[in-house]
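Q: The structure's right below; bear with me while I get my questions together.
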Amino acid sequence: MTSPFDKHRDALEHHETMMGAARGRLAVALDLLTDSLALVGQHGVYCRSERFPGKPRMDIALVLEQLDDAKQLVQSAMEEWSTNSGTSKSSTD
C-alpha cells in the first residue's frame, strides 16, 4: 500500500512550501475530504433509499456525515491556527 505522502507528493510539496509543513498537510487533507465528499455524494445519487425516496441510503448518508464532520474539524483547526498565528505575530512586532 502506497503512503499518502507518496500518493499526494505534488500537492503536499506545493502546500507545504506555501504554508509550512503542518498547515500544508492540513490543507491537502481538507482537499482530500472535499473530493471524498463529492465522490460519495455522486455515489449517493445512484444508491437511493427505498424507505425514504429522494434520499441516499443510510450507509451513504452516514459516510457523508462523518466526512463532513471531519472536514469541519480540519477547517476549524486551520482557522484557529490562522487566528493564533496572526495574534502572535502582532504581539511580537
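Q: Among the listed residues Ala29, Ala38, Ala61, identify the single one that is at pLDDT below 90 and part of a helix (DSSP H, G or I).
A: Ala61
Q: Further, regarding this structure: Output the residues belonging to the stretch 11-26 that are modelled with pLDDT of 95 or more and acidic (Asp, Glu).
A: Glu13
Q: Confirm whether Gly20 is surrounded by 11 or more Cβ atoms within 10 Å (Cβ to Cβ) and in contact with a strand residue (DSSP E or B) (Cβ under 6 Å, 6 or more places away or on another chain).
A: Taking the combined requirement at face value, the residue does not satisfy it.
Q: Do the conditions hold for Ser49, that is, is it among the polar types (S, T, N, Q) and either in contact (Cβ under 8 Å) with a residue 60 or more places away in the chain or touching a strand residue (DSSP E or B) at 6+ places or on another chain (Cβ under 8 Å) (or both)?
A: yes
Q: Of the residues Val63, Val45, Val40, only one is more than 30 Å from Ser85 (Cα to Cα), of a type in the set (A, V, I, L, M, F, W, C) and exposed (fewer than 11 other Cβ atoms within 10 Å of the Cβ); which?
A: Result of the check over Val63, Val45, Val40: Val45.
Q: State all residues of the stretch 30-70 that are out of contact with any Pro (no Cβ under 9 Å at 6 or more places or on another chain) and under 19 Å from Phe5 (Cα atoms); if no residue qualifies, say none.
A: Leu30, Asp31, Leu33, Thr34, Asp35, Ser36
Q: (1) without any contact (Cβ under 8 Å) to a residue 24 or more places away in the chain; (2) over 13 Å from the mean Cα position of the chain (by Cα): which one isn't true of His8, the others all being true?
A: Against the list (1) without any contact (Cβ under 8 Å) to a residue 24 or more places away in the chain; (2) over 13 Å from the mean Cα position of the chain (by Cα), His8 comes up short only on (1).
Q: Further, regarding this structure: Of all residues in the stretch 1-10, how many are aliphatic (A, V, I, L, M) and at pLDDT 95 or above?
A: Going through the stretch 1-10 one residue at a time, the tally reaches 0.
The values are calculated or read from the model by the stated rules, or taken from the named source; none is laboratory data. For clarity, every value in this text was computed on a predicted model and none was experimentally measured. All Cβ positions, even for glycine, are placed from backbone atoms using ideal geometry, and neighbour counts span all protein chains on display.
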